[in-house]
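Take a look at the structure below.
The values are calculated or read from the model by the stated rules, or taken from the named source; none is laboratory data. All figures in this text were calculated on a predicted structure; none of them were measured in a lab. Cβ atoms come from the backbone with ideal geometry, glycine included; neighbour counts cover every protein chain shown. Just so you know, the surface numbers come from the protein's heavy atoms only, side chains and all, with ligands and any DNA or RNA stripped out. Shrake-Rupley method; radii C 1.70, N 1.55, O 1.52, S 1.80 Å.
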Amino acid sequence: MIERHIGGSFVARGLYLLLSLQFGFAHGAHADFTVTGSVVDGNGNPIAQAQVVYQPPPGSAGASAITVFADAQGEFAFPQAFSGTPGASLPLVSRALGYEYRTQARSGSNQSRPQVTLLMDRVVNQAAVAPASAWLRQRIPERQQQSQFVMDCIDCHQVPAPEVRDYAAAIADMHAPDPAVARTQSWQMIVQYMNRLSAWEFSRGSRKADTPPQPDAVYSVNNEDAVAARLADRFGDRLEAIEGYAWGAPLAVTPQTAIYEYAVPEPNAVREAVLLGGRALWVADVATNRMYEIDIASGRQKIHEAPVDVPIGPHSLHRAADGGLWVTPLFNNVLSRINPASGEWRTWMVRDERGRGAGIHDLSFGHDHELLTDASGRIWFSDIGNNGVGYLDPKTGRTELFAAPPVPGRENEPAMLYGLIMNKARNQIWYSQLGIGAIGGFDIDRQQFFEPIALPDPNSGPRRITIDDADVMYVALYGGGQLLEFDLNTRRIIGAHDLPDTASAPYTATWDPVRKVVWIGTANGDVIYRFDPKTKGFQVLPLPRTRAFLRMIDIDRATGVLVTSYANIVELVQGPRMAVIIDPGDNVYPQRFAPNGETRQ
Amino acid sequence: MKPTFLERTLLGATLMAVAATAAADAALAERKFCFSCHHATETGLGPSFQAIAARHGARRAQMAPVLAYKIQHGGGGNWGVVPMVPSQNVSEADATALARWILGL
């Protein structure tokens, strides 16, 4: 074990760059204006719960886009004033399933309080707004095939995202003498290409920069021909029109709900984001080996370069009670902690006494989604590299690794031990095994694993997990499209609840300690679900753009805003890479989030 | 040790007798993941760069912009029924440089 301490003077000041995007607020002579209005269809009927997206001109302070929702009368209001003078046409659009935005008209004459009517037309083809999951669910309705497909293909981008549909159209455009042959060969090429991209992307953390992996390395799909055959069969047409998709549950929005999206400089491979101090968005970027710190009020961005001599690849973020931010790497053994106040990094090369290194994925979360250590202050991690768990004692640097027991019948696939939580008594950790559809636990005092639990579908894909304050654990089943509810006290499954859209690829589940609900972020559905354990019912929070590939959701302890990211990966993939703050607008938390960083009581 | 993508390509590029800028073009092709599908002399998921140069060699000047367009927008039919994927992240200037490099201009 080597402990490295990166001096604050070197990292925090030396490599610390400032992308100065400072506008607006500093100058006294500017007008502020507020925007209100309504969303109606061609007959003047209100479109309740339509999204209204304001996209400030590039270079403006604050978020890159702000979204609110219309009320039952179709009326909307933005929570904050915008700076500048409103032009004749405002950078506003509305979005709703089954509608298309047409035009806007200014109704009020007051310059500083423009009132806008947004007109939408009803359309049958929902392709512009429907998520990728809408297509997937219709094309591959058989649940086991659906879960297998999600596990095979949805790691980096949505399927079928618009560019995937475009490729299907390009195959059709070949006018090949035998279209079936063209489909099979073309999808075979795509699957092989994707495997090469996977080999490149997922070995980032374990190879030197600029050294490509072996071109033949296969990482994600090992049943290439079967996947290609399914694509040729189910995605064999031009994929241009989709009808009849519905969100599948009541919307979890109010007229006060607001979504703030912050672009992160490209190229990047953004992973997770957290909000610190109500004002600083910290975003991990595996690709550039950096953390971005975005000031939400000014939009100013600081870059925190990770220590250069070890390949970290910042991946998962864990807030700690002492104000520190723990950063896990892209599956290697470099664990780090950044001090958000000073920007100082500290890193540990995690190795046990026999010199074995870990392949770290997550650290153990407690019920408030903070890092929870055991009674002796040890930090537990999931070891995806060795299919086990382990700890680092940050005081002594000591590490022990424990190999997880095999899951009967599932010994031959890579287990991918992934998510991790700790119970209230801090003497158990529980994990998910993404690759084999299993969950398991470890008794810290006895240093023993519990008997692992195999879920019925090996492709159910248990991913990020969370725990409530009564030791009930919730697991996002990525492939299965379900939320698993598991009681640690009885070690029994309470239920596996189908999400409103089972093809949505739920990436993450986060317990909300104040609202007493679980928030579920999806990779393929452009939504966040809200699960109420009392009623077992779901609600839907639709996101304001397509290709919104979500990863972890954090919850700001003071204001209860959800903090997440759109994290499409491999730099050349299409789609947004942004950090996102969502105010559910339910006024449940004692303090109210403010986009200028000035939290209100 | 096996050669890396870049080494293989540089090897191929040398075979294609291309001068100093070749290294920069090869690096560009590498960054844009062209070598996932193309190699210098062997057929991969797409035709080899050598075969492409041979096929279009007689009409290099006309073909450079055609291939540049195809690199950016994708398309097939010249080598089989499998369309090449578009590379929207490649600028027009880069696509032209890549096309000219492949054609050995």
Practice item. Please name whichever of A:PHE593, A:LEU239, B:ALA95 sits farthest to the positive end of the charge dipole of the protein assembly as shown, dipole taken about the Cα centre and charges placed at Cβ: Lys and Arg +1, Asp and Glu -1. Key: B:ALA95
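Hey, any idea what % of the protein assembly as shown's accessible area is carbon plus sulfur with a 1.4 Å probe?
51 percent
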Point to revise | Within chain A: Cβ-based charge dipole about Cα centre, in debye rounded to nearest 20 (Lys, Arg +1; Asp, Glu -1) | key: 820 debye
Check your understanding: When the chain is fully extended, how far beyond the present Cα-Cα distance does A:LYS424 get from A:LYS536, taking 0.36 nm per residue of separation?
Key -> 38.0 nm
Check your understanding: Out of the range B:23-105, which GluC sites (Glu not before Pro) are coil in DSSP terms and have no more than 16 other C-beta atoms within 10 Å?
Key -> B:GLU42
Review point. For the range A:317-324, in order, what is each residue's ³J(HN,Hα) by Karplus, 6.51 cos²θ - 1.76 cosθ + 1.60 with θ = phi - 60°, in whole Hz (x at glycine and Pro)?
Key: 10, 9, 6, 10, 4, 7, x, x
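What are the trypsin sites (Lys or Arg not before Pro) within the range A:494-538 that DSSP puts in a loop, where the Cβ has at most 14 other Cβ atoms within 10 Å? Mind showing how you got there, number by number?
Numbers: sites: A:ARG515, A:LYS516, A:ARG530, A:LYS534, A:LYS536; in loops: A:ARG515, A:LYS516, A:LYS534, A:LYS536.
When the trypsin sites (Lys or Arg not before Pro) of the range A:494-538 are filtered for loop state and at most 14 Cβ neighbours within 10 Å, A:LYS516, A:LYS534, A:LYS536 remain.
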**Study point:** Difference of contour (0.36 nm per residue) and Cα-Cα distance, A:ASN223 to A:SER342
**Key:** 38.0 nm
Exercise for review: Please report, in whole Å, how far the alpha carbons of the range A:232-311 spread along each principal axis, starting with the longest.
Suggested key: 49, 41, 18
Review point. Given a cut-off of 35 Å, what percent of all Cα-Cα pairs of the range A:259-583 lie beyond it?
Key: 13 percent
Review point. Of the beta bridges DSSP finds with both residues in chain A, what % are antiparallel, to the nearest 5?
Key: 95 percent
Review point. Given labels modelled 7 Å from the Cα in the Cβ direction, how far is it in nm from A:ILE493 to B:ALA24?
Key: 5.9 nm
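Taking the Cα centre as origin and putting +1 on Lys and Arg beta-carbons and -1 on Asp and Glu beta-carbons, what dipole magnitude results for the range A:259-583, to the nearest 20 debye?
180 debye
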Review point. What is the Cα coordinate range of the range A:146-205 on the first, second and third principal axes, sorted by size from largest, in whole angstrom?
Key: 45, 21, 20
Check your understanding: What FRET efficiency, computed as 1/(1 + (r/R0)^6) with R0 = 60 Å and r the Cβ-Cβ distance, is obtained for B:ALA58 and A:ALA105, rounded to the nearest 0.05?
Key -> 0.50
Practice item. May I ask you to work out the translational diffusion coefficient for the range A:101-155 at 20 °C, viscosity 1.002 mPa s, via Stokes-Einstein with Rh from the Kirkwood sum over Cα pairs, reported in whole µm²/s? Key: 144 µm²/s
Revision key, fill the gap. With R₀ set to 30 angstrom, the calculated FRET efficiency between the beta-carbons of A:GLN448 and A:GLN145, to the nearest 0.05, is 0.20
Review point. Buried accessible area for the A:B pair, summed, 1.4 Å probe, in Å² rounded to 100?
Key: 1900 Å²
Point to revise | Total charge dipole magnitude, the range B:34-105, about the Cα centre, Cβ charges on Lys, Arg, Asp, Glu only, Debye to nearest 20 | key: 240 debye
Practice item. Quick one: grab Rg to one decimal and Dmax as a whole number for chain A, Cα atoms only, in Å. Key: 23.8, 75
Practice item. Just the number, please: percent antiparallel of the DSSP beta bridges in the range A:349-442, rounded to the nearest 5. Key: 95 percent
Check your understanding: So what's the net charge close to A:VAL253: Lys and Arg +1, Asp and Glu -1, counting the other residues with Cβ under 13 Å from its Cβ?
Key -> -1
Study note, to complete from the structure: Label model pair A:GLN73, A:GLN591: point-to-point distance (7 angstrom along the Cα→beta-carbon line) in nm is 3.4 nm
Review point. How many angstrom lie between the C-alpha centres of the range A:569-600 and the range A:387-407?
Key: 34 Å
Review point. If the chain between A:GLU240 and A:ALA558 were fully stretched, how many nm would it gain, using 0.36 nm times the residue separation less the Cα-Cα distance?
Key: 110.1 nm
Check your understanding: Taking Cα pairs under 8 Å and at least six residues apart, what relative contact order does the range A:259-583 come out at, in percent?
Key -> 14 percent
Review point. Roughly how many Å is it from the Cα centre of the range A:100-151 to that of the range A:476-543, as a whole number?
Key: 23 Å
Point to revise | Contact order normalised by residue count of chain A, Cα under 8 Å, 6+ apart, percent | key: 15 percent
Point to revise | At R0 = 45 Å, FRET efficiency that the Cβ-Cβ distance of A:GLU353 and A:VAL514 yields, to 0.05 | key: 0.60
Point to revise | Ellipticity estimate at 222 nm from DSSP helix runs (n ≥ 4, -39,500 (n - 2.57)) divided over the protein assembly as shown, nearest 500 | key: -5500 deg cm²/dmol
